[in-house]
Amino acid sequence: VSLSVSRLFIRLVGLLASLAIAVQTVSIISLVLERKRRRRAEVSLQRSEKRMRLIAEASPNGTILAKPEGQIVWANPSAEKLVGYTRDELVGKSIDLLIPERFRGPCSDSRARFLSLAAARRKGTGQALLIRRKDGSELPVEVELSEIEDSEGALFLAVVVDVSARTKAESEAQQYRDELAHFTRVEILGQMAGSLAHELNQPLSSIMNNANAGRRFIATGRGGIAKIDELLTAVVADARRAGSIIRGIRGLVRKGEGERSFIDVNRIVEDVLQLVHSDALKRHCKVEAELTPGLPMVKVNPVLIQQVLLNIIVNAFDAMSDTVEEQRRVIIRSELTGFVKVSVRDFGRGLPSGGANRIFDHFFSTKPKGLGMGLAIARSIIISHGGELGADNAEGGGALVYFSLPAAGNDSTASPPSWVA
Amino acid sequence: MPKPIEQVNILDDDASVVRSLQELLASDGLMARVFQSPSEFLAYANNNPLGLVILDVWMPEINGLEVQARLKKVSPQTRVIIITGRDEGFLAGTEGRSLRSLAIENGAFAFLTKPFDDEEFLGFVRSALESVET
């Protein structure tokens, strides 16, 4: 019996030893497997990181990674190409390096500038920003900014897209529009040349009469100093009047329309009325102005708005060529209707059938020699000022053409940061 | 008792031109009555014999040649000197006829384009007045 127990004990020990070996073997195997899995994961991660880096490196868009305080930590080759600096030159430097000096301002907080950049983009202004390249040149770009987190904390990722080609195309399109607007202005003035000469002849005639009267008073010893002074004062006033007419013509003929400025729309109406005065006489049209005083200012390019009004008034004259002379009237009214509105009412044949808005189409004209560009350009000018140009048949006959402009105080267009191109 | 003849009259819608013509005539010793409105002038001419009128063409309301025609009906003896800042352009219903030829045909004493020479203008004024007196 004792032999049997002893054998059984030996077998049991042997079994336990085998079991321990098996457990150890399994542990070793699982450790090896775990190590392999980790290794595979690491390789996969490395591959993924490498792939992401390759993508970022190969991206056609410039990509720059910066700390919140503006310190650049990484840039891809496209960014190097855009800004003209190598990655080594960029890394560690402030993002200020890429902002044109005149836009840097007194604030040294690059983070604030970064955020204002992001804010400007979020507003969707659609405007390009300017960055300064290493050679000092400036490049219009669009920047998409996002905030990311990594083990070292928050970082800003800026994707920079070169939009110089688009900006150039837009600039060329604007240039064509300006040239077309200029062409139509000159065309209108050309048609009015005789009337404008008459308008100028009036003060010139007065100057000549007063000067000759003065010479005669002096030659005959009559009149005295007081009379000569009176005549010279009249000469100065008429010379000023002639100068004002010439300035008005020159402003419209000059290429390039100048800047937008704050102006009372009534002043624009009065300037145009001075220019059309003789043309109205020639066409036997009576011009009446009903201007509301104290209108809010508008921020406009005065030359372009003059062009629009001149175009509408000359059209009104044309529309009344078949109207009996006693009824040829043009009423120009300015008023506040939320917007600052200027309307021109005539007593002519009214708008052409087939939709009032046809008159604003390019190449649409009811005149035998008309190009059909005047009102189309007028509409684009008013739209570019945030306003509206419209037309209706007036009650009692004739047409009512009007434009409205936003009052400068109610300008809803968000102002982009000063360094937006 | 007949009213005395008003020697020199001016009708021009431009205030500064009217004043300057008045001064030019004054420098030659002539006083002038002035009008800026064609209808006011015609109303006056209906009731007062006029010697000479210096008449602008391009005016609102009624053009100078129309004024000349209406004046001729009520006062055929009145001399008319037409002055204009623009001698081109046509009046309604007279296409193809120059202003000068229409004015002269209507009996204008002279037709001058602004700005004009003072000697020439005053020469015409004196001649016109002499022709009225004779």
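The values are calculated or read from the model by the stated rules, or taken from the named source; none is laboratory data. Every value quoted in this text rests on a predicted model; they were computed, and no experiment measured them. Virtual Cβ from ideal backbone geometry, glycine too; neighbours counted across all protein chains shown. We work out accessible area using only protein heavy atoms, side chains counted, and drop any ligands, DNA or RNA first. Shrake-Rupley method; radii C 1.70, N 1.55, O 1.52, S 1.80 Å.
The longest part of chain A holding none of the exposed loop GluC sites (Glu not before Pro), meaning those outside H, G, I, E and B in DSSP with at most 13 other Cβ atoms within 10 Å, is A:260-394. Residues whose amide H comes within less than 5 Å of that of A:GLY84, counting only those at least five positions distant or on another chain, are A:LYS134 (H built at 1.01 Å from N in the peptide plane). Given the rule -39500 (n - 2.57) for each run of at least 4 DSSP H residues, summed and divided by the residues of chain A, what is its mean residue ellipticity at 222 nm, to the nearest 500 deg cm²/dmol? Calculated mean residue ellipticity at 222 nm is -18000 deg cm²/dmol.
The contact between chain B and chain A removes approximately 2400 Å² from the accessible area (both sides summed; 1.4 Å probe; ligands, DNA and RNA excluded).
So what's segment A:144-199 giving for Rg/Rh, alpha carbon basis, Kirkwood Rh from the mean inverse pair distance? The partial results should precede the final answer.
Details: Rg = 25.3 Å, Rh = 16.1 Å.
Rg/Rh for segment A:144-199 comes to 1.58.
Rounded to the nearest Hz, the phi-derived 3J(HN,Hα) couplings of segment B:50-58 under the Karplus curve 6.51 cos²θ - 1.76 cosθ + 1.60 (θ = phi - 60°) are 10, x, 9, 10, 9, 10, 7, 9, 8, where x marks glycine and proline.
How would A:TRP74, B:TRP58 rank on accessible area, largest to smallest, probe 1.4 Å?
Values: A:TRP74 55, B:TRP58 0 Å².
Ranked list, largest accessible area first: A:TRP74, B:TRP58.
Within the full protein context, the accessible area of A:TYR402 is estimated at about 40 Å² for a probe radius of 1.4 Å. If I model segment A:203-259 as equal point scatterers sitting on the Cα atoms and use the Debye formula, what is log10 I(q)/I(0) at q = 0.16 Å⁻¹? Listed by q, the Debye log ratios stand at -0.56.
Cα convex hull, chain A: 290 Å³ per residue, rounded to a whole number.
The string of couplings for segment A:161-166 from the Karplus curve (6.51, -1.76, 1.60, θ = phi - 60°) is 10, 6, 10, 4, 5, 5 Hz, one whole number per residue in order, with x for Gly and Pro. DSSP assigns beta bridges within the protein assembly as shown; of those with both partners inside it, close to 65 percent run antiparallel.
Tell me which of A:ASN315, A:ALA211, B:VAL80 sits at the most positive position along the dipole axis of the protein assembly as shown, charges placed on C-beta atoms (Lys, Arg +1; Asp, Glu -1). The Cα lying farthest towards the positive end belongs to A:ASN315. Of the three principal axes defined by the Cα atoms of chain B, the extents in descending order read 43, 33, 28 Å.
For A:LYS134, a cut-off of 14 angstrom between C-alpha atoms picks up these aspartates and glutamates, skipping any fewer than 8 places away in its own chain: A:GLU80, A:ASP88, A:GLU89, A:ASP96, A:GLU101.
For segment A:1-60, the spread of Cα coordinates along the three principal axes comes to 89, 7, 5 Å, biggest extent given first.
Computed over protein heavy atoms with a 1.4 angstrom probe, the accessible surface ordering of A:HIS385, A:HIS277, largest first, is A:HIS277, A:HIS385.
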